[in-house]
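Down below is the structure, laid out as structure tokens.
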Amino acid sequence: FAMSGAPPLYDDHPGVTPQHTPYPVEGEEYVPATPMHTPPDEEARPIYPTIEDVPEKEEPRKLNCLEKASAKMHGLICKFFMALGRFAVNRPWTLILLSVLFAAICSLGMLRFKVEDEPETLFTPQDSQAVQDEKWVESTFADPPGSIYIYVTAPKEGDNTITKTILQGLMDLSGVVNTTTATYNGETLTYSNRCLKPDGATCRVESVLDYWHNSPALLAADPDVLATVNAGPAYSSLGRQVQQSQIMGGVKTDSSNVVSAAAFQWQLWLHIDKVRVNADQRMYDPRAKEWSLQVSKNVQNYINRNLKQYPYEIFTQQEESGTNIRQDLRKFFMGLVLLILYAMLVLSSSSWIHSRTALTLASVAAITMAVICGFAIASLIGQKWNQVVNILPFLLLGLGIDDTFVITDTLRKNPGPLGVEDLPQILMTRVP
């Protein structure tokens, strides 16, 4: 400090730092250097630490049983992965071939891959009392009949449907149902062998057409259809009185007479004979299903500018649900592609040496094999694929790509030259 012209820091010896105290000059008594900023009325403190300033060494805390077990398990896991890492860097091709072979063997479990699409099985505990009661009812009593519904409205919402043109359109729709055929295992399914016949001869159908005994000729000859509706109750082909609230909706009246209706309901009862098609599926009637789906298609394809028609039955609802799920799969695969492109962009670099774009594809391949192995083993032990786990492959791929980011970032931040033998130890000790 004196040679550099710096201002003196201590009173006794200008230019002296507290880290270097000079020897006393010959003939003078040694006095420890005192900082200039020390107040004159305050006693100077020694510049070297005393024994009182040295902190006592704390004794290590003893671990309890759980902490010891955790440390032991962590040590075993670290040793295993370090050994696996050394094997990977020393014999990469051997490890790759073993991984592919293991994935191929596990993928054989996909031969037992099955899909569970029954809502009652997916969302209702099979050991619940409700399920047990349902099984008892199915085994004790005859199967309840099914139904097909056709709802008819005017072309413009809210308009009156009690008009001859709309009623004639509904009559045509009933004819479409009567002529619908389908096939199941070589058996021809028709209206006559699928409808419910309480008396053994006549199909049970209820609709507003019962006012005209389901006769197109009677309807065409009626000069005032609204007066016919108000004239008296309708009777079905089985002679049963039809409730007006079951065949017309949105009814408006003036005192006691019907003025208009917003919609019609046409209902056909089906004969149901449930069987267990597959050993792992719930019981249902495959013939009723095939014919009902065909009826819904024919009704939807019917074109009449004078009305709008909406078929409904339980099998179409299930099919529609499956169709929507399959459409979601397109978005799912688009998400996978975007995730892979994002990973390639993050791991890329302008340097040919440090760019790890190809590493993304290798990482995705490894994660894909792991996902296939997981689902194959699950299928092998009897687990079924369902719509609840559709997101799992995307989630697992995202977690795997995230681990790739963490590992590559750890290697990038590691200082100094790095050999392949050092990789396992660095990754096991520094990756969080």
With a sphere of radius 11 Å drawn around the Cβ of residue 143, what net charge do the other residues whose Cβ falls strictly inside it have (Lys, Arg +1; Asp, Glu -1)?
-2
Tell me, what ³J(HN,Hα) does each residue in the range 362-377 have, in order and in whole Hz, if you take phi through Karplus 6.51 cos²θ - 1.76 cosθ + 1.60 with θ = phi - 60° and put x for Gly and Pro?
5, 5, 5, 4, 5, 5, 4, 4, 5, 5, 4, 4, x, 5, 5, 5
For residue 348, what accessible surface area do you get with a 1.4 Å probe? Give it in Å², rounded to 10.
50
Obtain the nm distance between the two label points defined at residue 305 and residue 406 by a simple spin-label model: each point lies 7 Å from its Cα along the Cα-to-C-beta direction.
6.7
For an R0 of 30 angstrom, estimate the FRET efficiency from the Cβ-Cβ distance between residue 139 and residue 241 and round to the nearest 0.05.
0.30
Got a number for the accessible area of residue 357? Probe 1.4 Å, square angstrom, nearest 10.
40
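Sorting 235, 149 by accessible area (1.4 Å probe), largest first, what list results? Don't skip to the end; give the middle numbers.
On the way: 235 105, 149 55 Å².
Ranked list, largest accessible area first: 235, 149.
So for the range 143-312, what are the equivalent ellipsoid semi-axes in whole Å, largest first, each being the square root of 5 times an eigenvalue of the Cα gyration tensor?
Values: eigenvalues 195, 57, 42 Å².
Value: 31, 17, 15 Å, ordered largest first.
With a 1.4 Å probe and every protein chain left in place, work out the accessible area per residue of the range 143-312 in Å², rounded to a whole number.
Ligands and nucleic acids excluded, the result is 51 Å² per residue.
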Using a basic spin-label model with each label point 7 Å from the Cα along Cα→Cβ, how many nm lie between residue 90 and residue 77?
2.5
Relative contact order in percent for the range 143-312 (Cα pairs under 8 Å, 6+ apart) equals 38
What residues qualify as long-range amide H neighbours of residue 285, i.e. H under 5 Å apart, gap of 5 or more or another chain, H built at 1.01 Å from N?
275
Counting sequence-distant residues (5 or more places) and residues on other chains, those with an amide H built under 5 Å from that of residue 180 are 191
Residue by residue through the range 67-76, what is 3J(HN,Hα) from phi via Karplus (6.51 cos²θ - 1.76 cosθ + 1.60, θ = phi - 60°)? Round to whole Hz and write x for glycine and proline.
5, 5, 5, 5, 5, 5, 5, 4, x, 5
Counting sequence-distant residues (5 or more places) and residues on other chains, those with an amide H built under 5 Å from that of residue 248 are 265
Given a 1.4 Å probe and heavy atoms of the protein chains only, how would you sort 194, 240, largest accessible area at the top?
240, 194
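The values are calculated or read from the model by the stated rules, or taken from the named source; none is laboratory data. Values in this document were obtained by computation on a predicted structure and should not be read as measured data. Positions of Cβ are backbone-derived with ideal geometry, glycine not excepted, and every protein chain shown enters the neighbour counts. These accessible areas exclude ligands, DNA and RNA; they are computed on the full protein's heavy atoms, side chains included. Shrake-Rupley method; radii C 1.70, N 1.55, O 1.52, S 1.80 Å.
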